[in-house]
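As structure tokens, the structure follows; a few thoughts come after it.
Values quoted throughout were computed directly from the atomic coordinates according to the rules given, and no laboratory measurement underlies them. Just so we're clear, the structure is a prediction, and the values are computed from it rather than from any experiment. Ideal geometry is used to build each Cβ from the backbone, glycine not excepted, and the neighbour counts take in all protein chains shown.
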Amino acid sequence: MFDSSLIIALQQARRVVVFTGAGASAESGIPTFRDALTGLWENFDPAQLATPEAYFANPDLVWAWYEWRRQLVTDCQPNAGHVAAASLQDHVDQVAVVTQNVDDLHERAGSSDVVHLHGSLHHPYCSSCSQPHNFSGAVADGAPLVAEPKDGLPPPACTYCDGMIRPGVVWFGESLPQAEWQRAHRLVADCDVLFSIGTSSVVYPAADLPRRAHASGAQVVQINPSETGLEDWVHHNLVGPAGRLLPQLLQAAFPDEPSPAA
Ligand code: OAD
């Protein structure tokens, strides 16, 4: 089922990067951004929700949308793809997950080294003084659950400076966090195998990472049910859902790995 050169590359790899996008969490029940009909950007306008200008123009709407998404993530579980990515740690010296996702499903599946390029729903901070904000519970500061993404919810106030707390995600027009971006570069330059999983590869600069890995001599493996353009040049293109293919690949490469559920 899998090319023997892929199996050998994985068996011999000492450093693996698992680069993920929204599709990695799709089987957990979290909508992707661009899939037709279900994608978040099909139903919401990024300009209204995912820019600093949108936040300062309508903080209650933007905060509510991100709290709705945080609640959604809190209610979801890691899927078999997240679990398989974490299981790679049992077989390979160094495994790093570099993710565009703002959920915490890789961590909850057991991945110990996760680099978040686009921030995290779980780490909001003050829009004035940048102090991190601690959530007191599953929903912001005991506020009522955001049942609908368009119900307004005022952001909490910073306990240091009384500024408005903002979601801890990277918005359009903002730079990626420097330390994370530099770390991702180093990991990609040094890896033997890079998996590009569940990303449409259209949002830069993150989308450039698989190509950088390729240029550094790594084997690049895409897992995606749809075409992204990467299939034209990656070494191995696995067409299908990550929650099925990644566990099957691990089982093929490392037969002591527990069999994926049928
Ligand atoms: P997209 O929504 O653009 O792409 C999701 C990809 O996942 C598509 O290529 C799908 O075909 C694929 N996919 C769907 N189900 C899958 C499955 N079960 N297994 C594997 N792949 C599957 O999401 P991203 O590429 O992550 O940025 O989007 C990149 C960035 O755009 C996001 O981080 C976000 C967004 O705007 C910010 O918020 C800054």
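Structure data summary
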| item | result |
| --- | --- |
| Stretch in the chain that is longest and holds no GluC sites (Glu not before Pro) that DSSP places in a loop and that have at most 14 other beta carbons within 10 Å | 1-173 |
| Fluctuation leader among SER25, SER130, SER201 - the chain, Gaussian network, Cα springs under 10 angstrom | SER130 |
| The chain, helix-only ellipticity at 222 nm - DSSP H runs n ≥ 4, -39,500 (n - 2.57), divided by all residues, nearest 500 | -9000 deg cm²/dmol |
| Gaussian network model of the chain, Cα within-10 Å springs - most flexible of THR199, THR228, THR32 | THR228 |
| Bins of 5 Å, starting at 0 and running to the largest distance - Cα pair percent for the range 1-94 | 3, 11, 15, 17, 15, 12, 10, 8, 6, 3, 1 |
| Residue among ALA64, ALA215, ALA96 with the largest mean-square fluctuation in a Gaussian network model of the chain, springs linking Cα atoms under 10 Å | ALA215 |
| Stokes-Einstein diffusion coefficient of the chain, Kirkwood radius over Cα pairs, 4 °C, 1.567 mPa s, in µm²/s | 68 µm²/s |
| Fraction of antiparallel bridges per DSSP, the chain only, in percent to nearest 5 | 20 percent |
